[in-house]
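J.: Mind having a look at this structure? Questions to follow.
The values are calculated or read from the model by the stated rules, or taken from the named source; none is laboratory data. If you're wondering where the values come from, they're calculated on a predicted model, not measured in any experiment. Here the Cβ positions follow ideal geometry from the backbone for every residue, glycine too, while neighbour counts run over all protein chains shown. The protein model used for the area step is the full one, side chains on, heavy atoms only, and it has no ligands, DNA or RNA in it. Shrake-Rupley method; radii C 1.70, N 1.55, O 1.52, S 1.80 Å.
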Amino acid sequence: MDFTFTEEQQAAVEAARAVFSDVAPDRAPSPALTSGAVAEDIDRQLWNELARTDLLGLTLSPDHGGAGLDPIALCLVLRESAKVLARVPLLESCAVAMAVQRYGESTLAAELLPPAGRGELILTVGANGRSGHDPAELAVAARPCGESGGNEECGGASAEGSGWVLDGVQSAVPWAQVADWIAIPAHTAGGRPVLALVPRARDGVTLADQVSTSGERLAEVRLDGVRVTDRELIDAPGCWEWLRSLLTTGTCALALGLGERVLAMTAAYTGRREQFGFPVATFQAVAVQAADRYIDLRAMEATLWQAAWRISADAGGPLPAAGDVAVAKIWASDGVRRVVQTAQHLHGGFGADTDYPLHRFHAWAKQIELSLGPAAAHEEALGDLLAAHPLG
């Protein structure tokens, strides 16, 4: 396989590195020293800089003011963002914009995508359902206006199909309090998954604060008879599945970038820290542990780009793309945990010092691991795919 990146993708990486080079992981208060969220807002200075350098419109088509690149380019930028713990909704906003561009009506795309690419409008998505264990689309029901409960629920609409009503809850929605629009996966009476784009301020939408393991603000988004128009509900086949795969693959990219930064910090520390007159990095026990984590990162990288390529190219294969995404999740979920645990061990007590940034990376890694879910569940899903698609 050839995972060589294009010139445009490499240029995106260089632009991202230039932007993130001035970002310190400790811009916000430490989650270990804060009882609630570490901040009320995203890193607006960084968000504006990403917009100024056109990185927010990286994957939008030129018709919407973007560069027309693919999910691989987005994952490359996300990888760099995780190395500095960038507190911006880069994954969520870009992923939802790509789904709207790919599956949504042209009028909706024309309204949302240009300002999203300029950083003037923030998008997010509820991908965790009510509890994080069941498929997110099952947590919200979507029914056509007038189907039940009377026309008053739809603002007086009298024609069936003139809109939809949403009821349900999406938990742990990132950046919801500052987002302008929230993408809500839902299901119809027939069990078909759909994706609704809902303005945060729409009647019937209420938010309850939640806090992530990394100290960032999340929200429980409750929808009580929320009305959306036909164009705001995307019912194209495969839309939610594609967006879910992109969000998962992007989270794997965050895990890879974070793990690479943590291993680099560990190498630098063990190279300076001396014991018995020698750097501890020269001890065999230390070197073997660091080498094992390097192997984890290389496996995370290979499986990430395989999954990102399947999504970007709509490439066929003996298994659906969900198989490659499952393999990437297996490595990312277990790999990022092993990397930060080894880093804490090799740093000794210094790793727990709140004046040193390693504990922040540990908290973010744990949040990523929780977001991806346990590797055993993905192994089971992969087994089901293999059983349904026997490899000849």
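J.: Return only the number of the condition from (1) outside any helix (DSSP H, G or I); (2) buried (at least 22 other Cβ atoms within 10 Å of the Cβ) that Arg222 does not satisfy.
T.: Against the list (1) outside any helix (DSSP H, G or I); (2) buried (at least 22 other Cβ atoms within 10 Å of the Cβ), Arg222 comes up short only on (2).
J.: In addition: Out of the residues in region 35-69 that are among the charged types (D, E, K, R) and part of a loop (DSSP other than H, G, I, E, B), state the one that is most open to solvent (accessible area, probe 1.4 Å).
T.: Ranking the candidates gives Glu40 first.
J.: Then there's this: So Ala97 passes all but one of these: (1) closer than 13 Å to Leu197 by Cα; (2) among the small types (Gly, Ala, Ser); (3) touching a residue at least 60 places away in the same chain (Cβ under 8 Å). Which condition number does it fail?
T.: Just one mismatch for Ala97, condition (3).
J.: Now a separate question. Filter region 11-23 for residues that are modelled with pLDDT of 95 or more and closer than 21 Å to Leu258 by Cβ and give the result.
T.: Across region 11-23, the qualifying residues are Ala12, Val13, Glu14, Ala15, Ala16, Arg17, Ala18, Val19, Phe20, Ser21, Val23.
J.: Right, another one. Considering only region 235-271, how many residues are without any contact (Cβ under 8 Å) to a residue 40 or more places away in the chain, part of a helix (DSSP H, G or I) and not aliphatic (A, V, I, L, M)?
T.: Matching residues across region 235-271 total 1.
J.: On to the next question. Taking region 123-159 as the region of interest, how many residues are at pLDDT below 90, part of a loop (DSSP other than H, G, I, E, B) and either over 18 Å from His187 (Cβ atoms) or of a type in the set (A, V, I, L, M, F, W, C) (or both)?
T.: The total comes to 7.
J.: Of everything in region 255-300, what is polar (S, T, N, Q) and surrounded by fewer than 17 Cβ atoms within 10 Å (Cβ to Cβ)? Give them in sequence order.
T.: Gln275, Thr282, Gln284 - these are the residues of region 255-300 that are polar (S, T, N, Q) and surrounded by fewer than 17 Cβ atoms within 10 Å (Cβ to Cβ).
J.: Same structure again: Given the conditions (1) surrounded by fewer than 17 Cβ atoms within 10 Å (Cβ to Cβ); (2) over 24 Å from Leu195 (Cβ atoms), and given that Ala313 satisfies all but one, which numbered condition is not satisfied?
T.: Against the list (1) surrounded by fewer than 17 Cβ atoms within 10 Å (Cβ to Cβ); (2) over 24 Å from Leu195 (Cβ atoms), Ala313 comes up short only on (2).
J.: Tally the residues that are open to solvent by 40 Å² or more (accessible area, probe 1.4 Å) and either more than 23 Å from Gly250 (Cβ to Cβ) or in contact with a strand residue (DSSP E or B) (Cβ under 6 Å, 6 or more places away or on another chain) (or both), restricting the search to region 331-343.
T.: Here the count works out to 1.
J.: Only one of Asp296, Asp292 is more than 22 Å from the chain's Cα centre (by Cα), assigned to a helix (DSSP H, G or I) and of a type in the set (Asp, Glu); which?
T.: Just a single option satisfies the conditions, and that option is Asp292.
J.: Is region 13-34 home to any residue that is hydroxyl-bearing (Ser, Thr, Tyr) and buried (at least 23 other Cβ atoms within 10 Å of the Cβ)?
T.: No - not one qualifying residue is present in region 13-34.
J.: Which of the residues spanning region 160-200 are part of a strand (DSSP E or B) and either basic (Lys, Arg) or at pLDDT below 95 (or both)?
T.: None; the set is empty.
J.: Continuing with the same structure: Being touching a Cys at 6+ places or on another chain (Cβ under 7 Å) and among the hydroxyl-bearing types (Ser, Thr, Tyr) narrows it down to one of Thr229, Thr266, Thr249, so name that one.
T.: Thr249
J.: Now for a different question. Take Ser312 and decide whether it is modelled with pLDDT under 95 and hydroxyl-bearing (Ser, Thr, Tyr).
T.: In short, yes.
J.: Something else about it: In region 355-384, which residues are more than 25 Å from Arg244 (Cβ to Cβ), open to solvent by less than 50 Å² (accessible area, probe 1.4 Å) and more than 17 Å from the chain's Cα centre (by Cα)?
T.: Residues satisfying the conditions are Tyr356, Pro357, Leu358, His359, Arg360.
J.: Under 8 Å between Cβ atoms, at least 6 apart or on separate chains: pull out the pairs that start in region 349-366 with a residue that is over 17 Å from Ala28 (Cα atoms) and end on any residue that is in a helix (DSSP H, G or I) and of a type in the set (Gly, Ala, Ser).
T.: Gly351/Ala343
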